[in-house]
Amino acid sequence: MPYEIDYLALAPELIIVGTLILVLALDLVLHRENKYWTATVAVAGTALALVPLGILAINGETISMFEGSYVVDEFALVLKGLFLLSAYIVFLMSHHYIESDRYYQGEYYFLLLASLLGSLVMASARDLIVLFIGLELVTGPLYLLAGWRKGDVKSNEASMKYFILGVLSTALLLYGMSLLFGLTGAVEFTEIAAATADMAGEPALAVAILFMLVGFGFKVAAVPFHFWAPDTYEGAPTPITAYLSVNSKAAGFVAMLIVMYQALPGAADIWAPALWLMAALSMTIGNLSALRQTNIVRLLAYSSIAQAGFMLVPFAAAAVAGANLEEAFGATLIYLVIYAVMNLGAFAVVIAGARKTQTGTIEGWAGLGRIDPILGVLTAVFFFSLAGIPPLAGWFAKFEMFRSVMIADPATIALAVIAAINAVIAFYYYAKVVKAVWLDDPVGEFADGAAAAPAGSLKLALGVAVTLTIAIGIYPSIATFVQDAAQVLATGG
């Protein structure tokens, strides 16, 4: 019997496929001075892919294809919207950045679109095979993109480290998945959940889960699998660093949480303590390492590690306490969505600030707010939002995190205390950047005139990010629809 295919449900993926093919074709026929059209097509195609998402959201139907392996429901739509919006902002950040240097533009956008396609596939994946294909399609192109600055030794080092460690983590993840398949004889998450319900004491199951956690931990840059992130983030082109810190990380979180929530709920005694430990270590080591950084990109790299720990807190605490995971899952997803918006804004500021100051060091940004007040205000908005300062969006992410932990079980108070201490530590290094921008005296020369002005596409990226950051902070109900999406995943529709 042939598989039934709903082309409207697959429309976002099909639009991205069509866009990347068109970008490849244009790159073959356009002269170098006209290569910017590949960026325009990438931006337009990504925006167009949001249209069928809106139609599907209005219809409100759950569509299952390929015998349940590929599902388009409210949960998938929310994540696909996040991935598309994040990629749209990254494309805007990339437009002038890539065009201003001797980069291969067509291949750049082709690879980014391919990675975006993988994240869209992951959002709907409901079995191990589709999930693995999507996850590797997300990360595969990024091995090349991390080293896109071919004449830069740091970029080459970033790409090589990311590739070697990425392949190792993929091997461990695939080994864990194959072992899980050998134990259960199933690849669909619902069938795996049924098969493992009475296997909690099976040593082979524990090995399979731990191998998968190592693979997922690398994808989200959680401690102790984080050591690739600082060098890769610093060496990669800044738009790619932004993409790595948001889309790639979000894809890894989606994979980890879906597998644990849907495929292995009966084995929580195995994976819950591991997630608890990863959350505590990621917050603490990430924040303490960020305190010592003088380069803003490396600071944001360690911040990204710490934020991964914050995102894991609700889910890990609820799983350890044996509480209802639906609330925790919703809190983690809300944090993920808000983090994506404010972190993309922070990296857009890094691009504009580095262009203005000719440096990426905190010391070199001293006095930037006096020279360019708008850029100074944007820096304060995004960095204070990452710190969780009201009324910016970050406060609601941390509020949901702490609320979820406290209602899970009083016994999880230890993880809440660790999170609270780390939130204070994080505020110090975020505020250090804002202090340099507004209170310190300039120590270097700033670029003047049109040469330092952000490109129109970068201004649009900053505008979208700051609007969402402020709007969600003032009206947090905007983000609560994510909890409904988590409920859909929990109830199966």
So, of the residues in the range 30-55 that are of a type in the set (D, E, K, R) and either in contact with a Lys or Arg (Cβ under 9 Å, 6 or more places away or on another chain) or assigned to a helix (DSSP H, G or I) (or both), which turns out to be surrounded by the most Cβ atoms within 10 Å (Cβ to Cβ)?
ARG32
Would you mind stating whether ILE58 is surrounded by fewer than 19 Cβ atoms within 10 Å (Cβ to Cβ) and not in a helix (DSSP H, G or I)?
no
Set LEU325, LEU333, LEU344: member being hydrophobic (A, V, I, L, M, F, W, C), modelled with pLDDT of 90 or more and at negative phi
LEU344
Please find, among LEU165, LEU179, LEU111, the residue that is among the aliphatic types (A, V, I, L, M) and either touching a strand residue (DSSP E or B) at 6+ places or on another chain (Cβ under 9 Å) or in contact (Cβ under 8 Å) with a residue 40 or more places away in the chain (or both).
LEU165
Considering the range 380-396 alone, what residues qualify as being touching a Gly at 6+ places or on another chain (Cβ under 7 Å) and assigned to a helix (DSSP H, G or I)?
PHE382, SER385, LEU386, ALA387, ALA393, GLY394, TRP395, PHE396
Please work out if ILE338 is closer than 27 Å to PHE211 by Cα and out of contact with any Cys (no Cβ under 7 Å at 6 or more places or on another chain).
no
Condition check for LEU82: under 19 Å from TYR243 (Cβ atoms) and within 21 Å of the chain's Cα centre (by Cα):
yes
Return yes or no: is GLU202 in contact with a helix residue (DSSP H, G or I) (Cβ under 6 Å, 6 or more places away or on another chain), over 16 Å from MET260 (Cβ atoms) and of a type in the set (Asp, Glu)?
no
Can you tell me which of (1) of a type in the set (A, V, I, L, M, F, W, C); (2) under 17 Å from the mean Cα position of the chain (by Cα); (3) farther than 18 Å from PHE399 by Cβ is the one VAL377 doesn't meet?
(2)
Find all pairs meeting these conditions: Cβ atoms under 9 angstrom apart; at least six residues apart or on different chains; first residue within the range 395-407 and on the phi < 0 side of the Ramachandran plot; second residue among the charged types (D, E, K, R).
ARG403/GLU327; SER404/GLU327; ILE407/GLU327
All but one of (1) surrounded by fewer than 24 Cβ atoms within 10 Å (Cβ to Cβ); (2) within 28 Å of TYR109 (Cβ to Cβ); (3) in contact (Cβ under 8 Å) with a residue 60 or more places away in the chain hold for LYS219; state the number of the condition that does not hold.
(1)
Among TYR162, TYR175, which is at pLDDT 90 or above, of a type in the set (Ser, Thr, Tyr) and under 28 Å from LEU257 (Cα atoms)?
TYR175
Within the range 409-451, restricting attention to residues that are at pLDDT below 85, in contact with a Gly (Cβ under 9 Å, 6 or more places away or on another chain) and not aliphatic (A, V, I, L, M), which residue is nearest to ARG292 (Cα to Cα)?
ASP440
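The values are calculated or read from the model by the stated rules, or taken from the named source; none is laboratory data. Fair warning: this is a prediction, and the values are worked out from it, not measured in the lab. Cβ sites come from the backbone with ideal geometry, for glycine too, and all protein chains shown count toward neighbours.
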